Amino acid sequence: MKIAATQTFVSADISANGQSIRSMISRAAEGGARLVSFCEGALSGYSKFQVLTPDDWARFDWTAQEIELRAIADLCKRQGIFAVVGGAHRLSIGHPPHNCLYALGDKGDLLTRYDKRFLSNAELGGWYTPGTEPVTIDVDGYKFGFAICIESQFPEVFSDYEGMGVDAVLFSSYGILDYFQLALRAHAGLNCLWIGGSTPVQKAHKGPAGVIGPDGEWTARCAPAQEPDLAISELDRNDPHYIPLQKARPWRARARQGDIYREKMVVHPRSSNRTTY
């Protein structure tokens with residue numbers, strides 16, 4: 001199957017964001033993608049950039065976001081494609097929203113929502129409320145996990161997904177900086193995962209959207225240009241190119257269990273002249 005990672009222009013205008021997202025969904029579908037992902041805050045806008053202060057959440061137009069999200073879901077149904085869209089999820093009064101990813105199905109339904117768990121120090125200052133658990137979806141026999149922004153710096157996020165049998169992690173960020181790129185390539189190679197990274201157009205010059213293969217190499221990437229774009233890559237577990245995926249991942253799973261080492265272990269008698277401390 002093919003997936004697409006995008007870079008779209010994110011503004012304070014929720015309606016304009018929705019239109020930009022729908023335009024890119026149509027492009028992804030035309031390119032044969034079955035799933036397309038967008039950056040954090042792609043629909044709602046992101047803290048400090050489009051939502052200027054934590055107090056602005058009290059004036060945020062949640063109805064407008066709901067209308068646009070419904071229109072995006074309807075387009076997914078018409079195009080027969082899955083979409084993962086960054087937004088904010090409203091909580092009860094007095095609690096900041098979740099920084100989330102909405103996963104929309106090809107039947108126009110909301111499959112699930114991933115709430116960012118590892119918030120940055122700044123985000124904890126009234127901007128967002130952390131989530132509590134990993135989330136996965138299945139598309140055409142492939143299993144996907146989710147991660148957002150600073151979570152690229154937490155190896156356990158990706159190793160946990162590997163342990164859950166995930167094939168790919170959809171990574172959404174408001175900018176993919178150099179050290180994010182290094183970490184993502186390492187996570188992909190260490191865990192034998194595909195990672196699709198999406199970013200806003202405004203930050204594409206620091207790291208464009210793209211897809212990383214299970215060997216840690218980029219398989220497709222947008223140009224670092226100030227215009228909307230998408231990168232489409234094929235996921236194929238049987239691709240002979242991915243020896244790490246076919247051999248290293250199952251071997252590492254056995255190695256972590258430890259049985260293969262205990263089977264080979266040789267116990268030597270303690271030497272009488274061995275020095276101890």
Give the peptides 189-201, 85-97 in descending order of average Cβ contacts within 10 Å, highest first. 189-201, 85-97
Please report how far the C-alpha centroid of the stretch 126-161 lies from that of the stretch 26-69, rounded to the nearest whole angstrom. 18 Å
Calculated over the chain: convex hull of Cα atoms, volume per residue (Å³): 162 Å³
11 Å beta-carbon shell around Ala209, net charge (K/R +1, D/E -1): +1
Assign one of three labels to the stretch 95-160, namely rounded, prolate or oblate, based on the Cα gyration tensor with a ≥ b ≥ c the square roots of its eigenvalues; rounded applies when a/c is under 1.5, prolate when it is not and a/b is larger than b/c, and oblate otherwise. oblate
Sorted by mean Cβ packing within 10 Å, highest first, what order do the peptides 164-175, 233-244, 248-259 take? 164-175, 233-244, 248-259
Of the listed peptides 205-214, 131-140, what is their order by residue-averaged count of other C-beta atoms within 10 Å, with the highest listed first? 205-214, 131-140
I'd like the antiparallel share, as a percent to the nearest 5, of DSSP beta bridges with both residues in the chain. 60 percent
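Since every read-out is calculated from the coordinates, none of them should be taken as a lab result. Because the structure is a prediction, the values reported are computed rather than measured. Methodologically, a virtual Cβ is constructed for each residue, glycine included, from the backbone with ideal geometry; neighbour enumeration extends over all protein chains shown.
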